[in-house]
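Please read the structure below before turning to the comments.
The values are calculated or read from the model by the stated rules, or taken from the named source; none is laboratory data. As the structure is a prediction and not an experimental result, all values here were calculated from the model. Using ideal geometry, Cβ is built from the backbone for each residue, glycine included, and neighbour counts are taken over all protein chains shown.
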C-alpha cells in the first residue's frame, strides 16, 4: 500500500499543493516552520480522519480562510482508493472514500494504516497514563474493529455513569447504576483481555527492535498495569461505588489502565538519557509498525518527523539501515539537513525523492526533486 498523490487546499500553512509521491522513500527538507511536518500531518489525516498534533479541526484551517481540503490517492491491493477530507469553520467534518461519505468516521480507521514518529512522542514517556492508553488503543483499533466498537461503547457508558453520579448528590439511582455497571463490565472485560494479549505480543517485538537500533546490551520492558489484574470488573465497581458516590465520578475501570516502561528494571522516565528515551520511543513505534503489519494485513505507511534529533551517528545509521530494508513500504521523512538525507539514503536500493520546502509552505517546482535509485 502507498499514497501516490496528495493535494492540499488551505491546510495549516499551505495555500495550495499538489504532489506526486514515490511508493518508497519521500524526504522533505527545509527550515523549521516551512511546513514539512504539516505534510506528514496531512497524510495522518487521510488515515485517521484527524490531526496527529491538533485535535481541533478548525485550528488547522489556514489563517484567514474558511475551510481546508485534503485529498489523497492510495494504491492498495492493486486498486485505487480516493480519500477526501474537508473542514469548514464551525461545521461538521466531511470525510469520503471513493466519493462516498462515511456515516461514522470509525468505519475508516484501519483501512489505510499509518505509523507516525514525532518529537511529540516524548509524551509517551513523560506524560500520564491517558497518553499511553491512547497509544495502545490506536494500535489495537487499527487491527481489530470489534475492539474499537467496544472502546466507543465503553467510553459512552462511562460518560453516562459519571453523569448519573454527578447529578445524584450522593444518592445515585441504583437501578440506573446497575445498567451502567453491566454495560461497562461487558465491554470493559473484552477490552482488558485484548489489551493483556496485545501487551504480551507487543513486548516481544519491542524488545528485539530496541536491541537492534540501540546496539547495546540494555534490557527494556513494558508492564501492563490494570485494576482488573486483581479481580473481576463487577467486584471492582462494587468496591469503588462508595468512593465514586462521594467524588461523583468513576474511579475504577479500564479507563485507569497504564503501561509502565523500564530500562534495566528502572523507570525510563527517571533513569534514561534523552538519547535512550528517543531510542525507546522509536522502538515502540517500530513495534507498532510490525504489529500492524502482522495483524492488519498490510504494511503501514511510516511517517518520520525530525527523526534524527538527539540520536548519535551510530544509532542514526542503524535506524536508516533498518527502515530501508524489505520489511518496510512507503516512508515519509522530514529533516532540515538535505546533505544528511542524501548520505543516508542516496546509495540505497530503494527509490528516494528529496523535495525542498520553502518558507510559507510553498513547494519548489517538481523538477527540483532529486531521485536516487
Hey, residue 176 surrounded by fewer than 16 Cβ atoms within 10 Å (Cβ to Cβ), assigned to a helix (DSSP H, G or I) and assigned by TED's automatic domain parsing to the domain that holds residue 220 or not: yes
Evaluation of residue 224 against (1) within 20 Å of the chain's Cα centre (by Cα); (2) touching a residue at least 40 places away in the same chain (Cβ under 8 Å) (one fails), failing number: (2)
For region 68-127, which residues satisfy the criterion of being farther than 22 Å from residue 149 by Cα, in contact with a helix residue (DSSP H, G or I) (Cβ under 7 Å, 6 or more places away or on another chain) and surrounded by fewer than 18 Cβ atoms within 10 Å (Cβ to Cβ)? 89, 90, 122, 123, 126
Just to verify a result, which residue in region 291-341, among those that are over 19 Å from residue 278 (Cβ atoms) and modelled with pLDDT under 85, is surrounded by the fewest Cβ atoms within 10 Å (Cβ to Cβ)? 297
Inspect region 11-25 for any residue being assigned to a strand (DSSP E or B), under 23 Å from residue 284 (Cβ atoms) and modelled with pLDDT under 95 and give the result as yes or no. yes
In region 55-92, the residues that are more than 27 Å from residue 329 (Cα to Cα) and assigned to a strand (DSSP E or B): 61, 67, 68, 86, 87, 88
Do we have any residue at all in region 89-96 that's at pLDDT below 95 and within 19 Å of the chain's Cα centre (by Cα)? no
Criterion (under 25 Å from residue 221 (Cβ atoms) and assigned to a loop (DSSP other than H, G, I, E, B)) met by exactly one of 311, 284, 292, 319: 311
Going by what's in this entry, would residue 146 be described as in a helix (DSSP H, G or I), modelled with pLDDT of 95 or more and surrounded by 14 or more Cβ atoms within 10 Å (Cβ to Cβ)? no
Within region 286-295, can one find any residue that is touching a strand residue (DSSP E or B) at 6+ places or on another chain (Cβ under 6 Å) and more than 16 Å from residue 329 (Cα to Cα)? no
